[in-house]
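One structure below.
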């Protein structure tokens with residue numbers, strides 16, 4: 001059982017890093033590799049999308065291997081993170097629309113906020129339940 005969980009965790013890590021790599025290629029390839037070729041750019045984005053879907057499936061398979069307490073910790077952390085992301089994201093977008101902040105609201109800041117929120121919630125929930 002533990003070996004199967006470890007294999008699923010490694011599979012999830014592999015799909016996650018594969019998705020990150022294909023995202024980097026789709027982001028920087030048009031500028032640095034293939035000079036904005038439309039077909040290659042579209043293909044790179046579709047490959048990234050497919051990798052993302054496979055990463056989600058690997059994530060689901062990993063969560064299915066967790067025990068009830070681990071599932072509860074992750075579910076609570078994801079729920080809080082989702083709520084924070086919606087509230088922060090919409091407020092951040094509104095600040096940009098009303099020109100209260102300088103520059104444009106960038107999605108990368110929201111993604112970083114989501115990652116930090118999930119990590120923090122996981123730490124708090126793990127300490128709380130362990």
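Summary table
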quantity: Residue of 59, 48, 104 that the Gaussian network model of the chain assigns the largest fluctuation, springs spanning Cα pairs under 10 Å; calculated: 104
quantity: Extension reserve of the residue 40-residue 93 stretch, reckoned as 0.36 nm per residue once the Cα distance is removed; calculated: 16.0 nm
quantity: 92, 129 arranged by Cβ crowding within 10 Å, fewest neighbours leading; calculated: 129, 92
quantity: Contact order relative to length of the chain, as percent, for alpha carbon pairs under 8 angstrom and 6 or more apart; calculated: 24 percent
quantity: Pairwise Cα inverse-distance average, inverted: Kirkwood Rh of the chain (Å); calculated: 17.2 Å
quantity: Listed residues 114, 100, 25, most fluctuating in the chain (Gaussian network, C-alpha, under 10 Å); calculated: 100
quantity: Potential lengthening between residue 3 and residue 24 on full extension [0.36 nm per residue; Cα-Cα distance subtracted]; calculated: 4.4 nm
quantity: Label zone at residue 75, where the point sits 7 Å out along the Cα-to-Cβ direction: the stretch 48-63 residues whose backbone N lies under 16 Å; calculated: 60-63
quantity: Cα gyration tensor shape for the stretch 1-65, rounded if a/c is under 1.5, else prolate or oblate; calculated: prolate
quantity: Relative exposure of 55, 122, judged by other C-beta atoms within 10 Å (fewest first); calculated: 122, 55
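Where a number appears in this text, it was derived from the coordinates with a stated rule and is not lab data. Nothing here was measured: the structure is a model prediction, and the numbers come from that model. Please note: Cβ atoms are built from the backbone with ideal geometry, for glycine as well, and neighbour counts cover all protein chains shown.
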